[in-house]
Amino acid sequence: GVGWVGSAFTAGKLGKLSFLSLRGEGLTVEAVARLAEAARGGWLVNLTHLCLPRSQGGFMWGELMRAIGGSDEGLPNLKHLSGYDITVALALRKLPALEKLGSESSEVWVNEEGLNSLAEGVRRGELPSRLEKLNIRLLGGAEAINVDPLIAAIAESEKGLPPCVRRLNLRQGRVGEEVLAALAASEGGGKLPDLEELLLDDADLDDGRLQRLAEVFNVHECPKLAKLDLRYNRISIEGVSAFLKTLLPTSPPNLCVLLLDSQDGVEFGEEACTFNDAYGNMVRGAEREGKLPSLERFYLSDDGWTVGDEEESEESDA
């Protein structure tokens, strides 16, 4: 079983072990606690590969991940980690050599505790610099998660969001106008250099927050941003107009998909048609001014994607 492994580490019997696979039976709360004790004591520092059994409940490895994140050294040589659950976010800033997460998408779901830990890693520049790709996704729940700590950390950090972070799925989170203004005002520019997708749908955004977001793009440009999803918020057509007028032609230069339809109160019927017509005209006007040069898709119609001046039917990946 797994239990004896932690005991063997703390007894000094496996100090040189580099590959550890814990597949199989014997996974109990006590076994995880023993492994966590080994992590806190610095007995796992030589591990380069760690394969954990897949967690059924999503939080099985919480004690171990907290132990790694709270230890002095963490796992400084770990390159590959598989079988993790959402609590892996608690350990990431103490895994400096990490190159690959086991899941194909490299997606890490985070709750509020995990997001705060990631934010601290961003602020201190401690997230793994060798990690190929990291996609962050909020864990939905009864209460919306406040993402202000992460946005503030990006603003306050020297280098901004690490290059490994390609996708921020902050759907159903909550972000404040003040923290977006702080990011727009942060020095250095270029703090979102490798971000490819930003999903802020159903995030309670209003016209003021949308305006601040445009200012963020003007300052930090987001050269690789290809998809921006702002649907299901509280944005008015006047807010859309102000957003597009504020954007510079260089920000963001490679945006292909901009979703601003389906706002609160105009999701269906005649109101939706009126909103979408005005929105489409505004986008085309912005394009004539040299803005959004790479834009291909800007809202969803009943028949599928609407692409520029033409409509094509295809399934949405939203």
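For the options Arg297, Arg288, Arg171, a Gaussian network treatment of the chain with springs between C-alpha atoms closer than 10 Å singles out Arg288 as fluctuating the most.
Let a ≥ b ≥ c be the square roots of the eigenvalues of the Cα gyration tensor of segment 34-147; is it rounded (a/c under 1.5), or, if not, prolate (a/b larger than b/c) or oblate? Because its axes are fairly even, with a/c under 1.5, segment 34-147 counts as rounded. So, in Å, what gap is there between the alpha-carbon centers of segment 67-97 and segment 126-154? Segment 67-97 and segment 126-154 have Cα centres spaced 15 Å from each other.
When a 1.4 Å probe is rolled over the protein heavy atoms, the share of accessible surface on the chain that falls to carbon and sulfur comes to 46 percent.
Here segment 173-313 is assigned +1 on the Cβ of each Lys and Arg and -1 on the Cβ of each Asp and Glu. Its dipole about the Cα centre then comes out at about 660 debye.
Extension gain for Thr48-Glu177 works out to 42.2 nm (0.36 nm per residue, less the C-alpha to C-alpha distance). Taking all protein chains together and a 1.4 Å probe, the residues His49, His220 rank His49, His220 from largest to smallest accessible area. Straight-line cross-link reach from Lys133 at under 23 Å between alpha-carbon atoms covers these lysines, not counting any fewer than eight positions away in the same chain: Lys79, Lys94, Lys100, Lys159, Lys191, Lys224, Lys227.
Based on the convex hull around the alpha carbon atoms, the chain presents an average projected area of 16.7 nm². Measuring r between the beta carbons of Glu99 and Thr250 and using R0 = 30 Å, the FRET efficiency lands at 0.35. Legend: calculated FRET efficiency, Glu270 to Asn146, from the Cβ-Cβ distance at R0 = 35 Å, rounded to 0.05, equals 0.45. For the chain, the dipole from Cβ point charges (+1 on Lys and Arg, -1 on Asp and Glu) about the Cα centre works out to 2160 debye, to the nearest 20. Using C-alpha pairs under 8 Å with a sequence gap of at least 6, the mean separation divided by the residue count of segment 105-198 gives a relative contact order of 32 percent.
Extending 7 Å from the Cα toward the beta-carbon at both Glu296 and Val29 defines two label points whose distance is 5.1 nm.
Just how much of Leu44 is accessible, in Å², when a 1.4 Å probe is used and the result is rounded to the nearest 10? Spelled out: Leu44, probe radius 1.4 Å, area about 10 Å². Measuring with a 1.4 angstrom probe and ignoring ligands and nucleic acids, Trp43 comes out at about 100 Å² accessible. Excluding ligands, DNA and RNA, the accessible surface per residue across segment 98-228 is 42 Å² with a 1.4 Å probe.
Each of Gly121, Asn169, Ile151 was placed along the dipole of the chain (beta-carbon charges, centred on the mean Cα), and the one lying farthest toward the positive end is Gly121. Only Cα pairs under 8 Å and 6+ residues apart enter the sum, and on that basis the relative contact order of the chain stands at 9 percent.
Per-residue accessible area (protein heavy atoms, 1.4 Å probe) orders Tyr279, Tyr232, Tyr299 as Tyr232, Tyr299, Tyr279, starting from the largest.
Would you mind getting me the FRET efficiency between Glu289 and Leu17? Use the beta-carbon distance for r and R0 = 45 Å, nearest 0.05. Taking R0 as 45 Å, the efficiency between Glu289 and Leu17 is 0.15.
Estimated from helices alone, the mean residue ellipticity of the chain at 222 nm is -10000 deg cm²/dmol (sum of -39500 (n - 2.57) over DSSP H runs with n ≥ 4, per residue). Answer rounded, prolate or oblate for segment 93-188, using the Cα gyration tensor with square roots of eigenvalues a ≥ b ≥ c: rounded when a/c is under 1.5, else prolate when a/b is larger than b/c, else oblate. Judged from the Cα gyration tensor, segment 93-188 comes out oblate (a/c at least 1.5, b/c at or above a/b).
The values are calculated or read from the model by the stated rules, or taken from the named source; none is laboratory data. In this text the structure is predicted, and so the values were computed from the model without any measurement. Don't worry about glycine lacking a Cβ; one is built from the backbone with ideal geometry, like all the others, and counts go over all protein chains shown. To get the accessible areas, we keep the full protein, side chains included, count just its heavy atoms, and leave off ligands, DNA and RNA. Shrake-Rupley method; radii C 1.70, N 1.55, O 1.52, S 1.80 Å.
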